1. Helix hunt in the chain: which complete DSSP H runs extend at least 24 Å axially by C-alpha with mean Kyte-Doolittle at least 0.5?
2. How large is the helix-only mean residue ellipticity at 222 nm for the chain, computed as the sum of -39500 (n - 2.57) over DSSP H runs with n ≥ 4, divided by its residue count, in deg cm²/dmol to the nearest 500?
3. Running a GNM on the chain with Cα contacts under 10 Å, which residue among 241, 268, 106 ends up with the highest mean-square fluctuation?
4. Kindly state, to the nearest 0.05, the FRET efficiency for residue 3 paired with residue 207, given R0 = 51 Å and r defined as their beta-carbon distance.
5. Can you tell which of 69, 232, 39 shows the greatest fluctuation in a Gaussian network model of the chain with Cα springs below 10 Å?
6. Top mean-square fluctuation among 218, 229, 22, Gaussian network model of the chain, C-alpha springs under 10 Å?
7. Let me know the longest stretch in the chain that avoids all trypsin sites (Lys or Arg not before Pro) found in a DSSP loop with at most 11 other C-beta atoms within 10 Å.
8. Give, in whole angstrom and from largest to smallest, the semi-axes √(5λ) of the equivalent ellipsoid of region 3-288, with λ running over the eigenvalues of the Cα gyration tensor.
Amino acid sequence: MNNKLVGSILLSVAACIWGGTFVAVKVIVGQIHPLQLVWLRYAVAIVFLIGFSIIKREKWNFHAKDLKWFIPIGLTGYAVSLVAQETGTWFSSAQTGAVVTSSTPTFMVIFAWLLLKEKLTKVKIMSLVMATLGVIMIVGIHLSGKHILTGVFFLIVSALTWSLMSVMIQKLPNYSALQITIISASIALLCLTPFVINDAADFTSINFFNPKIMLCLFYVGAVSTAAAFVMWNKGLTMVSTSVSGLFYLLQPIVGTLLGWLLLGEGITVGFVIGSILILGSVFVSIRFAE
């Protein structure tokens, strides 16, 4: 398989996994504060990532000068983005979370143009327009709730910071996806630790032996963070940044379906039409992008 196809598969699988994350977060975010939940995600993920690195016998060649990219990547995409995402999901719904953060491709195209000097081709613009219309079809149906505006604000912050992180990763071509994930996740964990320690007493109220909490933490930590982040970071090195952002739009489809199946959230014709447009934008970007 060529790099573009492999990269597309990796990005698709990662996005689908993240679609399920909104449901897992919605299930336990009422019992674990979003900030603590992000910290636990990374604590669990790093254990799995380091274990896999040891098994794989990963060869490291770290340079201190690259911290100028690792630090903002860890702060924006790994710390701020996830805290904002889970806070936004807390104030809204799993579907709204999955859909609003789908503004990510728009921001990625802008950042790729500004930082990487990628051209804005007609195919990219057409794909982005199709994707945006698809998102509008779904969002127009599901924006409801007492704190929806607060939730949407945090979700937009999440999309903005995640997009910036995804573009900055292109500045680290000498590191593997696994290495980038481990270093960035470690930076995020260190940055979040002081805030978590400040409210350490809240951890005593969490029943970590509750099967539901254990399963959700395993999913958001080992699957959604460790596995999916590595796949996403690897896929970014194989597909152009502005095109790869469109794969992020598989999230609302998976998130909405799982929200409907597991949480009883509504699903409408708008979702079906929006999903077709989103999938169509991804197909156009893969088939015709330069």
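1. On the way: long enough: 3-28 (37 Å, 1.57); 34-56 (32 Å, 1.66); 122-142 (30 Å, 1.74); 148-168 (30 Å, 2.04); 177-198 (32 Å, 1.86); 269-288 (28 Å, 2.14).
Helices passing the filter in the chain: 3-28, 34-56, 122-142, 148-168, 177-198, 269-288.
2. -23000 deg cm²/dmol
3. 268
4. Details: r = 45 Å, r/R0 = 0.89.
Between residue 3 and residue 207 the formula returns 0.65.
5. It is 69.
6. 218
7. Answer from the scan: 147-290.
8. After diagonalising the Cα gyration tensor, the semi-axes are 27, 25, 16 Å.
Computed from the coordinates by the stated procedures, all read-outs in this text should not be read as laboratory data. The shown structure was predicted, so the numbers you read here are calculated from the model rather than taken from an experiment. A quick note on method: Cβ atoms are made from the backbone with ideal geometry, for glycine too, and the neighbour counts reach across all protein chains shown.
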